[in-house]
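Taking it in order: structure first as structure tokens, then the write-up.
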Amino acid sequence: MDTQQFSLSYGGDNDVGDYLYNFPADYYELYDDQLEDENQYYQSNVNSEMHNEPSFWSNLTFHQLCTQCVVPAVWSTGNLLGTTLILCMFFRLFIVICNKIKIVPEAVLHTVCAICGVLPLIIFHEDGDVYQLILQIVLYPMFCYIVSIICILTLKHHSSIVFSALILLTLFYRECFTNDSKWQKTKSAHMLMSMKAMAILFDIQSNKLQTFPSVPQYIGYMMCAGTVYLGPFLTFQEYSNAFLLSVNWNKTKVCRIIWRIIISLLCFVLSICVVDWLFSQHLLVNNKSNSIINIFLTMYKQALEFRTGHYFVAYASTVFATVCGYHSEYNSEILVTRPLVMEWPRSLLHVVVHWNAPMHYWLKKYVFEEVLKYGNKNKKQRNRFIAVGTTYLVSSLLHGLERRLSAVLLSLAAYTYVEHQIRTKLASRFPSTFSYYAKNKYPRHNSKTYLSSLNQNNWFFWFINLMFTILNIIHLAYLGSVIDMSVDNSYNTTYQESFAPWSRVSYFSHFIMLIMFFISILL
């Protein structure tokens, strides 16, 4: 199962968002074999144009779906989640005990943290060559550490920029010019470790970190328990606080963790089995493949499968980070995603902010704002445009400049910009109706609430927001339809194969965006 990861950061008025699909294919491959027999027919048909042929799941009754897909999926991923959760609990308990007795060296704590982070990869590795897998994971932090020291000693003021360029080029080279199955299984971890390594140098340069971490601290941070594979991204200060700050465990917090585990498994089942089954039932009953409704439902199904898969990863990573004792800089629980915002998108800016909040923070702080520092103070608009373009490039490089995800990133950047322009001008044209804009309640994100009304009963306010919401649902279904989890990486496919879902509907979403762009000019 070949899924994609991608991110986007868009900067409006001193704001930046991201659209990160952190959905590692190798995570599924750890237990894919148990579904292989049932999924074989599905995989043979999944590459057909827009899935016109019925999938394997569509031929099953609800009882058969539960026994042949839901139960094996929950059992398989439950084993992996359970093992990782136990290791995270062990790490937290070890930290608590060491803080009580205060005789264990700090280097041991960081080493145990790294071991607990890597062990799940080793335990569930099925290719047999564990030694090569360990080398892929362990040697990369050492490579980053050595290159970081060299850049700091030789370049000083520009060390963070040069180091970031070297790391991004390294990731791009590995993605494009190495046909290594171990790399495919560990590139999620490499991407997260690259982000952490770049963040350290930027924090050193801005004096947020006074000293460069020691080797044990660096290794522990790069491979920290619960985050090395699925995320979320942590700053070094957030990682260090886990060793210093106590965690107030109570009944409410435990219940919240259990609830997030349930939601995570539910999202996984929806992504793997249920969404395809539910939509296929309707598409088989209404067997008119060229009807507008069926085409949209097929696109929406593809996008929804992908989004629910991301929610699974996001909630699982939140659970692991919470159990390990990680907190945000504001000493609150780490928030990764907000599914309700994605499924009812009042604005695309809310989508790019809340799809993966830690990644949004990284892109905003270490890419967008850093690029703005080098801009001409008298040309703010041009500076923002360059910052947006750089952020888009960095997001794409983190994922190997893959053709489809790069197209989605660029399209979403354009969509968000056009929507931003229209809503800004609507607010200025109708100041008595719209108050643009209010800060939201998440200070770390520093995002906006679009078109908040001075009079919540104003029908024009509700109508405009409803129209934007419906339009955004259509856009997200259209964009997500090319991110097919069963299709090979687009390096191995032609342009026509990669963008067949868009071509079939004549790129209508892009034309809508162009019309909206001209409307924004006229307003």
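At-a-glance table
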| read-out | value |
| --- | --- |
| Any pair with Cβ under 8 angstrom, 6 or more apart, that starts in region 386-411 at a residue that is closer than 19 Å to PRO358 by Cβ and assigned to a helix (DSSP H, G or I) and ends at one that is open to solvent by 30 Å² or more (accessible area, probe 1.4 Å) and at pLDDT 80 or above | THR391/VAL371; TYR392/LEU410; LEU397/LEU169; LEU397/PHE172; LEU409/TYR392 |
| Neighbours by Cβ (under 9 Å, 6+ apart or cross-chain): first from region 91-114, closer than 11 Å to ILE219 by Cα and open to solvent by less than 20 Å² (accessible area, probe 1.4 Å); second among the hydroxyl-bearing types (Ser, Thr, Tyr) and outside any helix (DSSP H, G or I) | HIS110/SER214 |
| Which listed residue, of VAL275, VAL228, is buried (at least 19 other Cβ atoms within 10 Å of the Cβ), hydrophobic (A, V, I, L, M, F, W, C) and part of a loop (DSSP other than H, G, I, E, B) | VAL228 |
| Residue among CYS151, CYS176 that alone is at pLDDT 90 or above and on the phi < 0 side of the Ramachandran plot | CYS151 |
| Matching residues, region 153-176, being over 24 Å from the mean Cα position of the chain (by Cα) and either surrounded by fewer than 17 Cβ atoms within 10 Å (Cβ to Cβ) or of a type in the set (Phe, Trp, Tyr) (or both) | LEU153, THR154, LEU155, LYS156, HIS157, HIS158, VAL162 |
| Residue match in region 231-241 (condition: surrounded by 13 or more Cβ atoms within 10 Å (Cβ to Cβ), more than 21 Å from ASN356 (Cα to Cα) and within 23 Å of the chain's Cα centre (by Cα)) | no |
| Sole residue being farther than 26 Å from TYR229 by Cα and in a helix (DSSP H, G or I), chosen from PHE320, PHE296, PHE312, PHE368 | PHE296 |
| Residue match in region 75-85 (condition: open to solvent by 30 Å² or more (accessible area, probe 1.4 Å), within 30 Å of PHE268 (Cβ to Cβ) and outside any helix (DSSP H, G or I)) | no |
| Every pair of residues 6+ apart whose Cβ atoms lie under 6 Å, when the first sits in region 60-77 and is without any contact (Cβ under 8 Å) to a residue 40 or more places away in the chain while the second is open to solvent by less than 70 Å² (accessible area, probe 1.4 Å) and acidic (Asp, Glu) | GLN68/GLU38 |
| Any hit, region 217-224, residues being small (Gly, Ala, Ser), modelled with pLDDT under 90 and either over 23 Å from TRP355 (Cβ atoms) or outside any helix (DSSP H, G or I) (or both) | no |
| Checklist (1) crowded, with 17+ Cβ neighbours inside 10 Å; (2) within 25 Å of GLY117 (Cα to Cα); (3) small (Gly, Ala, Ser) applied to SER332, failing item | (1) |
| Filter result for the condition that a residue is open to solvent by 30 Å² or more (accessible area, probe 1.4 Å) and within 19 Å of GLY480 (Cα to Cα), over LEU405, LEU401, LEU372, LEU349 | LEU401 |
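Residue-by-condition table, conditions (1) farther than 23 Å from THR308 by Cα; (2) open to solvent by 20 Å² or more (accessible area, probe 1.4 Å); (3) out of contact with any strand residue (DSSP E or B) (no Cβ under 6 Å at 6 or more places or on another chain); (4) at pLDDT below 80:
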residue: LYS425; (1), (2), (3), (4): yes, yes, yes, no
residue: TYR437; (1), (2), (3), (4): yes, yes, no, yes
residue: TRP459; (1), (2), (3), (4): yes, yes, yes, yes
residue: GLY480; (1), (2), (3), (4): no, no, yes, no
residue: THR494; (1), (2), (3), (4): yes, yes, yes, yes
residue: SER503; (1), (2), (3), (4): yes, yes, yes, no
residue: SER509; (1), (2), (3), (4): no, no, yes, no
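The values are calculated or read from the model by the stated rules, or taken from the named source; none is laboratory data. Keep in mind that this is a model prediction, so the values were computed, not measured. We place every Cβ from the backbone using ideal geometry, glycine too, and count neighbours over all the protein chains shown. For the accessible areas, the whole protein counts, side chains as well, though only heavy atoms, and no ligand, DNA or RNA atoms are used. Shrake-Rupley method; radii C 1.70, N 1.55, O 1.52, S 1.80 Å.
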